[in-house]
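Taking it in order: structure first as structure tokens, then the write-up.
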Amino acid sequence: VDGSPIHLPVADLGGSADGPVVYLQAGLHGDELTGIDICRRALASLDPAQLRGTIACVPLANPPAYRSRSRGGRHEERGPIDANRIFPGSANGLLTERIAHLLFTEFVEHADLTLDLHSALDGCNIAPFVYVDPDDDETGTLKARESAARAFGTPYVYHKRRGQKLGTSDMSRSLRSQADQHGRASFSAERGESGRVTAAFVALGVRGGHNGLRHL
């Protein structure tokens with residue numbers, strides 16, 4: 001917002017043979033740190049020689065929000081903006097809208113499966129679960145989304161109806177909803193607290209990532 005460049009960290013692992021493209025994302029909300037650590041550890045534990053296909057990972061998807069450890073960037077015009085309510089973003093919009101646009105067009109639209117890692121709202125702790133959202137097959141992605149979500153291996157799977165609000169929040173422009181509208185399979189995994197790495201859930205997340213890759 002002050003004109004400084006924003007750099008997104010990207011890790012790209014190419015396997016030894018052709019296969020699916022998986023996009024792994026965390027840190028879309030700057031106070032959700034557990035997913036960032038899961039990405040770091042999951043990537044470090046993979047051997048490209050044992051992979052078929054490609055893993056693209058943005059472990060810190062919203063650097064301005066991360067700098068203030070807040071859900072959205074605090075100093076943005078009309079902010080803070082919840083990045084997971086504005087997909088597919090806008091190439092000429094506000095900073096958060098431009099970040100969302102880049103994430104969506106450069107990664108989500110090119111992936112066979114997107115996994116977006118999240119944690120609870122500020123002041124909460126949340127049990128590990130995954131979203132199957134939406135829970136219908138209107139665009140033909142349900143089988144891929146549901147099977148991958150179940151393979152991830154959390155204790156709970158939440159099936160969310162198309163158009164259903166999350167509390168009072170309109171989720172029609174979340175990453176999951178917009179990915180489905182564009183015919184791309186995705187699911188989200190939630191676990192742990194805001195503001196710190198919930199270490200007890202990191203190993204479960206790394207194992208879930210491995211489960212999802214084996215499933216594909």
With the first residue restricted to the stretch 74-98 and required to be under 19 Å from ALA26 (Cβ atoms), and the second required to be open to solvent by 50 Å² or more (accessible area, probe 1.4 Å) and small (Gly, Ala, Ser), Cβ contacts under 6 Å at 6 or more apart or on different chains are none
All-but-one check, PRO155 against (1) closer than 18 Å to THR198 by Cα; (2) without any contact (Cβ under 8 Å) to a residue 40 or more places away in the chain; (3) open to solvent by less than 50 Å² (accessible area, probe 1.4 Å), failing number (3)
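Look at LEU46 and say whether it is of a type in the set (A, V, I, L, M), closer than 22 Å to ALA148 by Cβ and not in a loop (DSSP other than H, G, I, E, B). Break it down stepwise before answering.
Values: of a type in the set (A, V, I, L, M): yes; closer than 22 Å to ALA148 by Cβ: yes; not in a loop (DSSP other than H, G, I, E, B): no.
Criteria not met by LEU46.
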Out of ARG69, ARG98, ARG78, ARG74, sole residue that is in a helix (DSSP H, G or I) and open to solvent by 60 Å² or more (accessible area, probe 1.4 Å): ARG98
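Anything in the stretch 1-20 that is outside any loop (DSSP other than H, G, I, E, B) and either β-branched (Val, Ile, Thr) or open to solvent by 90 Å² or more (accessible area, probe 1.4 Å) (or both)? List them, or say none. Lay out the reasoning, then the answer.
If we filter the stretch 1-20 for residues that are outside any loop (DSSP other than H, G, I, E, B), which is where we start, we get 11-14, 17-20.
Passing the criteria: ASP12, ASP18.
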Does at least one position in the stretch 52-64 carry a residue that is surrounded by fewer than 20 Cβ atoms within 10 Å (Cβ to Cβ) and out of contact with any helix residue (DSSP H, G or I) (no Cβ under 9 Å at 6 or more places or on another chain)? yes
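Name the single residue, out of those in the stretch 164-198 being free of Cβ contacts under 8 Å to residues at least 60 places away in the same chain and assigned to a helix (DSSP H, G or I), that is surrounded by the fewest Cβ atoms within 10 Å (Cβ to Cβ). It would help to see each step written out before you state the result.
We begin by selecting, within the stretch 164-198, every residue free of Cβ contacts under 8 Å to residues at least 60 places away in the same chain; these are 164-168, 172, 180-181, 183.
Okay, now just the ones that are also assigned to a helix (DSSP H, G or I), so 180-181.
Numbers: ASP180: 23, GLN181: 17.
Per the criteria, the residue is GLN181.
The values are calculated or read from the model by the stated rules, or taken from the named source; none is laboratory data. From a predicted model like this one, the values you see are computed outputs, not experimental measurements. Cβ atoms come from the backbone with ideal geometry, glycine included; neighbour counts cover every protein chain shown. The area values use the complete protein model at the heavy-atom level, side chains included, leaving out ligands, DNA and RNA. Shrake-Rupley method; radii C 1.70, N 1.55, O 1.52, S 1.80 Å.
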